[in-house]
Structures are given as C-alpha cells and as structure tokens.
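Presented below is the structure to which this report refers.
The values are calculated or read from the model by the stated rules, or taken from the named source; none is laboratory data. Everything numeric here is computed off the predicted structure, so don't read it as measured data. Neighbour counts are summed over all protein chains in view; Cβ atoms, including those assigned to glycine, are modelled from backbone coordinates with ideal geometry. For accessibility, only protein heavy atoms count, side chains too; no ligands or nucleic acids. Shrake-Rupley method; radii C 1.70, N 1.55, O 1.52, S 1.80 Å.
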Amino acid sequence: MTQSTEFVAGKADETGTTLSRIPLRHGLTFKQAAVTLLVVLLLGLSVGTLELILDWRAMRVEVRVNLENTLDLVEGSAAEALYQLNPELGSRVVDGLLVFDLVRYVELRDDFGRVLASRQNPPLGASAFHRWSGLFADMTDFSRPLRQVEPDGARTEVGVLRVELSPERLTERFLQQAARSAFFGVARAGGISLLVVILFYFMITRPLLRLARAVAEIDPTRPGYWPTPELPGHGRDELGLLLAHLRRLLGASQDGLDQRDRAQAELTALTRELERRVQERTQALEQAMLDLETRKDEVERAFEELDWTHRRLSEANRLLLESHAYARRIQTTMLPDPAVLGDDVGELRVHWEPLHLVGGDWYWLERRGDQCLILLADCTGHGVPGAFVTLVLASVTEQVLRETPVWEPATILADIDRRVRRRLGQDRSSGWTGLDSDDGLDAAMLLWEVGSGTLEFAGVGSIPLLCLDPDKGISTLRGTRGHLGYQSLKPPAAIATQRLVLAPGATLYLLTDGLTDQMGGSPRRLLGRRRLVEWLESHAALGLSDQIAGLCRMLADYRAEESRRDDMTLIAFRPIVRPPLGADGIK
C-alpha cells in the first residue's frame, strides 16, 4: 500500500529534471481508494434510499393487508355483538384486536352512534421516533361498516367497527429496521472499498509503476533498442496491449509520417463526403418544411371542424339543460300544495331538494273529509331516472287513493307495491334475470283526523318518523323492514300499522336518508341520525320554517367542501291536538 511513494524513474529528461517521489495524496492508490469509497458510498446511499422507500411502502401494504384480514376474521363476531347489543361479546372482539401491539384504539359503535365497546392501549413514552410518526399518519384510522344478514336475505347495517393504529409504534418498528439496514450498508461499503483498493494496487498500480520506470529509461536517439520490461501475468490484458503499442510506436516512428499523409488524404475525402451529405440533408429539410406547411393547413382545417363540433356540443348542452329545467317544472307541478290540508290541521312545512334539477324523492298530501294523509317516498336513484320512477308512483298513488273507500296506511302501501310492480312489468313469475327492470321505493305514511291526538303510521324501508314531545324529547318509529316495487326483492309479508297518541305541542318529522347520509365533519364521516336528532331537540322552540332554514345551514356547514350525495326531503308537521281524555303514549 506504500509502494506509491517510491521512485518512478532514474533518468533525467530533456530539461535536466528528474521524477521525484510521488506524495501519498497524489498517488494512484490513494485516488483509487477515495474514488472507490465515494462511488460505493453514493451507490449504497442511492440503493439504501430506494430500499428504504420500498420497505416503507411494503410495510404500509403489509400492515393494511394484515389489518384488513384481521377485520375480515372478526367482522362476523362484531356484527353479531352489535345486532344483539351484547357488550360482553363486543368486549371480547375489542380485546382480541388489542393483542396486536400496533393497535392503539378499538371501538364498536351501533348504527345510532352509541359505543358498545371500546379499548385503548397505553400510549408510548416520548422518544425520538415520534417526530417521524407522520410517515404513517395517513393510514392509522380504519373503519369497517358492519352488516347483519336478515332471515329474508337482506343485509342490514348494524354499526361500525373502528380500529386506530399507533403511528409511533409503526414508525419505531420501521426506523429500527432502517437503522439495521443502514449499519450493514456502511459496513459493506467499507469492506468492498478496502478489497477493491487492494486488488487495484496489485493488478494495476504496481505494474504501472514498473512500466513508468521503464519508459523513463528510453533513449530518444535509439528508440528501437529500448529494453522491454517484463510484466508477469499481463501479457493478454490492457497493460500488455499498452506495452505492445509502445514497442510498435518506438520501432516504427518513421512510418508514422507516412500514416499521417494517408490520414490527411482520408480526411480530405471525408470532408468531401460530409459536404455531399450536408447538401442531401439540406434538400431533405426543405422538403420536410414543405410537408410541414401542408400539415399546418390540415391542422387548421381540423381546428375549424373542432370549433364547429364544440358549438354543436354547446347547443346540445343548452337544450339538455333546458329539458332538465322543464322536467323540474313538470315534477314540481306534481307536488301538492300544503294548503290542501286546510288551515285547521296545524303548522306544516315541506323542504324538497333534489340532488339535481329533478330527483327521486316524492311526497303527497291529501284530505278526505276530516281525514288527512301524508305520504313520503324515496324512489330508486336520483336525477332523471329517479324522476321517472316518481311519475309512475304519482300515477299509482292517485289511483289507489281514489279507489280505496277506507284509508288504512298499511293497505294503501301494500296496494302501491302491487301496482308499481305491475306498472313497471316487475310482477313476472319467470323470475328476475338481472337484465330486467328492478326499480322500487321506500315509503312512509301518516293518517289522522283533524284535531285528534291519535295518528296512524306505517312505513316500509328506511324512512323513519321522528316524534318530538315537548317534555320527553324525540322518539323514533321505524317502518317494516323491506322495500316496495322491486322485482328482485319479495314484498313484505305484512306491513305493520302503529298508532301514536300525541301530546299538545308535539312535532312530527318524516325524512329521507338524503339528510342523514351527508359526508363531512372532522374526521370525515356521515352525519347520521343521532346528530340530526340532537340538533332538532336543541332547536325545538323554533317555528318550523326557522327550523328547516337553520337545519339547511347546519348541513351546509357540516359538508363544507363536500358535495351532497342524494336527494333530501323533510316534512315537518305540528298538528293541532285537543287535550286527550286519557293518558298519552305509544300503543
């Protein structure tokens, strides 16, 4: 390794100077060592960085896949616990998930937002790893909607299983692995550098030093008598080739002059050839410019056609928007005026807001003598498809109400189900193939006599009745499970009618799921029925118009930048109730 500091020549050159000892920092061995170490370190740093990124991504995928697989294993038990409202079973599911050290918090919530079971691992103590916890901060929160299979085959949402991972533990595990990889990478780089330097010295540097001493001993006046040095082991490699070239160069110096003349002649011929090629390329370039001009004309014509097409599309879009606006006017004229129930039924307000200009929510108000009826339906889809289903429903409902001598909510809903299936051709006995029409609706109906405190309620599907008692708060009545009209779903075996005795000042709300299924808040989640109920209870003293206006503002604030996802309809009713003779309550 110290051979680079020895004498490399003993003869004086033409200026009278001699080659002295080469300083260590100028020697080939030192340069080889420095360059090799730098290259290995840079390569190791690049590869290590890539490995670190790949390990980070692989760990994210592994953690996500393992957690999803674990949630798949416990999903059935968690759904059973929520369906049965069994805290003990829920606690076992939560405790089982907390066995994993990466899990920080586990929570089971039912579909009303109430916590059935929750557990939390103790937090990690402060450490340097916490500053890097942002590496996994975007994948710490996992939520799994839980559904229970009903006897009729329908899947009912019963709640949410939420698992929160510890970003500090994920970061600690990842950085420990990265530190081990970095340590072994540096050790590997040092070892490779040392080995390469040793090999370079014995294979290149030492033979070069011997060759340099021999070259310094050449007599310029007698180059042909140069004593050729021996380089054992290098007869067939680059050093041997260099030595052979030196012998030929020194032995044929005169031939070099002749070669120079031949080279000059070849250079002249090459110059002429290059001039010819430049001329050909110039002609080709001129032809290409002509072709480009032709293409330019074609592109301009294409842009003119595109502009014409754009104008046609703008006109088509205008006509489509006008058609939607006219369709909204048609659908709006189909909706009843709340005044049809008369002035002696109490305060009634309706908020109907389709997701687009038209929608799949539809309501109906009608009075026959002292009997008053409110029907609210949420049809398949929204926009134009949903609006077409509401046309069918409006026609069927009007026919059923006219032909039914005695109004009973359950009977009316069952008759609507049969007629919608028949009207849409969904009552075929051959069975649903998946290619036929399969549209339907959820519906709820209220029926009462003017001034009476007793109401009848029947519903099928997801439209609830919220009853706000001034003294007892809000209670929720749900309809029969199932749907109306669908070909792929059987009609409900029986539709239950529920009777409700109201206290003076009570307020009733019928609403579609477009209100509760709005996404927003922080963290981002659905509004849910519980938040809506809490808001209505806290603003119960307002008039119904002020309540609806305030509710719309609250929903807009909750969504913030999020868009609405569905049509939404709310019917608020505060009937005139004569004091009952007996105790009130739900029968």
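List of remarks:
- The chain: relative contact order as a whole-number percent, Cα under 8 Å and 6+ apart: 10 percent
- Within region 308-414, all pairs of alpha-carbon atoms sorted by distance into 5 Å bins from zero give the percentages 2, 10, 19, 18, 17, 13, 8, 4, 3, 3, 2, 1, 0.
- Sum of side-chain charges, Thr332 neighbourhood, beta-carbon under 13 Å (Lys, Arg +1; Asp, Glu -1): -1
- Global form of region 349-460, assessed from the alpha-carbon gyration tensor, a/c cut-off 1.5: oblate
- Estimated dipole of region 458-553 in Debye, rounded to 20 [Cβ of Lys and Arg +1, of Asp and Glu -1, Cα centre]: 400 debye
- Listed by chain and number, the aspartates and glutamates whose alpha-carbon sits under 20 Å from that of Lys296, ignoring those within fewer than 8 places in the same chain, are Glu286, Glu304, Glu305, Asp307.
- Pairwise centroid distance, computed over Cα atoms, of region 519-551 with region 365-412, Å: 27 Å
- With every protein chain in place, region 476-571: carbon and sulfur % of accessible area (1.4 Å): 50 percent
- Accessible surface, per residue, of the chain when the full set of protein chains is kept, probe 1.4 Å, Å²: 59 Å²
- Axial C-alpha extent at least 27 Å, average Kyte-Doolittle at least -0.5 - helices from the chain (DSSP): 28-84, 167-200, 383-403
- Rounded to whole Hz, the Karplus (6.51, -1.76, 1.60) HN-Hα couplings of region 498-511, x for glycine and proline: 10, 10, 10, 9, 9, 8, x, x, 5, 10, 10, 10, 10, 8
- For the chain, a simple Cβ point-charge model (Lys and Arg +1, Asp and Glu -1, everything else neutral) yields a dipole of about 1940 debye relative to the Cα centre.
- Under 12 Å, Cβ to Cβ, from Leu274 - net charge with Lys/Arg +1 and Asp/Glu -1: +1
- Cα centroid separation, region 308-355 to region 449-471 (Å): 28 Å
- Cα-based reach from Lys472 at 19 Å (exclusive), listing aspartates and glutamates while leaving out same-chain residues under 8 positions away: Glu534, Glu537, Asp584
- Rounded Å value of the spacing that divides the Cα centres of region 552-568 and region 167-211: 58 Å
- In units of the compact-protein estimate 2.2 N^0.38 Å, the chain shows a Cα radius of gyration of 1.76.
- Whether region 414-540 is rounded, prolate or oblate, judged on the alpha carbon gyration tensor where a/c under 1.5 counts as rounded: oblate
- Gyration tensor verdict on region 471-577 (Cα atoms; rounded if a/c is under 1.5, prolate if a/b is larger than b/c, oblate otherwise): oblate
- For Gly482, nonlocal amide neighbours, meaning residues 5 or more places apart or on other chains whose placed amide H falls under 5 Å from its own, are Gly461.
- Positive-end residue of Ala339, Val47, Gly473, charge dipole of the chain with Cβ unit charges: Val47
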